[in-house]
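Worksheet for the structure shown next.
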Amino acid sequence: MSNYHEPVEVLDEKTKNITRAINSLKEEVEAVDWYNQRVVASNDEELKAIMAHNRDEEIEHACMTIEWLRRNMEGWDEELRKYLFTEGSILEAEEAATKEPPSKKSRLHIGNLK
């Protein structure tokens, strides 16, 4: 099965690389989840430590890929700057970021409808 949703012939190399990065990111995050579940489920302390180490390596790989996407795909930099390393509610940060200042809001001047 192809990872492309458009004919590969019409995609440039940058787009193909972005697809590769996104697929790698999905795989790394999935591996983090698998290792994390195994750490929680295991009753062998040495095995838990090894799997926790492996999980943390996958987190490192995911972060490296996110940084590549930030540098190479439009939109990532702005969104990461908006949410990463912030305090408080993530949803409140999103609401604050999407609210336009009153001077920027468009106003309809329809007039009296009577």
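The values are calculated or read from the model by the stated rules, or taken from the named source; none is laboratory data. In this text the structure is predicted, and so the values were computed from the model without any measurement. So basically every Cβ, Gly included, is an ideal-geometry build from the backbone, and we count neighbours across all protein chains shown. Protein only, heavy atoms only, side chains kept; ligands, DNA and RNA dropped before computing areas. Shrake-Rupley method; radii C 1.70, N 1.55, O 1.52, S 1.80 Å.
With the calculation restricted to Cα positions, what are the radius of gyration and Dmax of the chain in angstrom?
Cα only, the chain: 21.7, 78 Å (Rg, Dmax).
Write down the radius of gyration of the range 1-51 and its Dmax, each obtained from C-alpha positions, in Å.
Answer for the range 1-51, Rg first and Dmax second: 17.2, 51 Å.
Accessible area per residue of the chain at 1.4 Å probe, in Å²?
Solvent-accessible surface per residue comes out at 84 Å².
Put a dot 7 Å past each Cα toward the Cβ at A96 and N43; how far apart are the dots in nm?
Each label point is offset 7 Å from its Cα along the Cβ direction, giving 4.7 nm.
Post the alpha-carbon centroid distance, the range 68-93 to the range 1-26, in whole angstrom.
Cα centres, the range 68-93 to the range 1-26: 23 Å.
Could you pull out which residues in the range 6-33 have an amide N less than 14 Å from a spot 7 Å beyond the Cα of E57, following the Cα-Cβ vector?
28, 31-32, by backbone N distance to the label point.
Using a probe of 1.4 angstrom, how much of the accessible area of the chain is carbon and sulfur, in percent?
54
Pull out the extension gain between N3 and E87, defined as 0.36 nm times the separation in residues minus the alpha carbon to alpha carbon distance; nm, one decimal.
Net length gain for the segment: 26.6 nm.
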